[in-house]
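Everything below concerns the one structure shown next.
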Amino acid sequence: MSPQVKIVHGHSLPELENQVSSALGGGLDVTIDASLLGGWSNITLLTYSQGRTFVLKLPATKGPFASHPYAQEYRVMDFLSRDGLCPKPVKIGRLNDEDRTPFMVSEYVEGVVRSSLAEVTGSDLHNLRVALSRLSARRPPGVKSYKKPSDYLSSIANTVKQSTMGAASPSPNLGRLLESFEAVVERVGDLADSSYIWSGKTMHGDLQRSNVIIQPNRIVLIDLGSCCIGEPLLDLAYFFSQDEGPILSIRREVLSSGDELPIIEGLRPLAVISAVGWSLQFLQRLEADLFDGTALAPDAGTRVSRYVEDKMQYLASLR
């Protein structure tokens, strides 16, 4: 059973319903389901209005919010939804509260999210590759462009570093993980541009299992806030490497040709570094008490720390 919420950014659900209804305008009344849809980066809730179902997304962190975190994602979704690659966004706005809490509403799409990579079928993988190929041929407006692997790697490292600026000293455990991460980034970065294939095409940027909605004959992609220009095969390396637990083998059903297998395998270190980078930012925010708390599991810190340890062991084994 999904966790139930009562308070979101200081608002009871009836208060939140009134706030969102007012922000949407047009006399729309919304009803919000108390069950969280999942994920720790955002608070996502099913929302109903006039017989239609939507997804309401709000930040998992506390305010203030100088910029709107969903502005670029809205533009990307608006562009890609025309081709059926993702749900159609409906509205971005802010709540009328002290922090001007940002939100985004998008259409809800029916489908299945596999509970593990082992449950992903060959047909799922084929349809996923079709969707990623279609995505790679599009050029969403305003997305970041990484011209070479080292640019992508530097962006991850800089984001982690910036999240520590102005913060209190990390705990000994987190400090140790940050030092290990810096060493891995330096080692991988020395060979990045000569080691990795880089086509300069559009990629999802966060292709974890939970962001792949499986329908009978196609895949719908969600959470496109990290969509960028880079290397689409990196998405597949991430898909097979990001989950908790052991790193799994690339399955041939997702390949366009056998030649892609060593390329995707070669991109794994970059994919795992990306996953670890997000996790380290999460731990820093957790220690700084920056989360609203609504979407967090009680054991979130322990699980993410263990996850980072496991992935760092994998990266260390590649020497």
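FYI, it's all coordinate maths here, none of it is from the lab. None of these values were measured; they are calculated from a predicted model. Every residue, glycine as well, gets a Cβ built from its backbone with ideal geometry; the counts of neighbours run over all protein chains shown.
Roughly speaking, what is the stretch gain from GLU265 to ARG176, that is 0.36 nm per residue apart minus the C-alpha to C-alpha distance, in nm to one decimal?
29.3 nm
All other residues whose Cβ lies under 11 angstrom from that of LEU85 are scored, Lys and Arg at +1 and Asp and Glu at -1, for a net of +4. Listed by chain and number, the aspartates and glutamates placed with their C-alpha closer than 12 angstrom to that of LYS62 are GLU98, ASP99, ASP289, ASP292; residues fewer than eight positions away on the same chain are left out.
Put simply, the convex hull of the Cα atoms in the stretch 7-107 casts, on average, a shadow of 6.4 nm². Close amide H partners of THR53, meaning residues 5 or more places away or on another chain with modelled amide H under 5 Å apart, are TYR108. Taking label positions 7 Å along the Cα-Cβ direction at both ASN18 and SER249, the computed distance is 5.9 nm, reported to one decimal. Counted residue by residue at 0.36 nm each, then reduced by the alpha carbon distance between them, the extension gain from SER317 to LEU296 reaches 4.4 nm. Label-to-label distance for SER133 and LEU191 is 3.2 nm, based on points extended 7 Å past Cα in the beta-carbon direction. State the label only: which of [x] 32, 21, 19; [y] 47, 28, 16; [z] 31, 25, 18 corresponds to semi-axes √(5λ) of the Cα gyration tensor in Å computed from the shown model? Structure-derived value, by its label: [z]. The Cα atoms of the stretch 99-218 give a gyration tensor whose axes a ≥ b ≥ c have a/c of 1.5 or more with a/b greater than b/c, which makes the shape prolate. What's the angle, to the nearest 10 degrees (0 to 90), between helix 149-162's Cα axis and the longest principal axis of the chain? Tilt relative to the chain: about 50 degrees. Annotation: extensible slack from SER115 through ARG100 equals 1.9 nm (criterion: 0.36 nm per residue apart, minus Cα-Cα distance).
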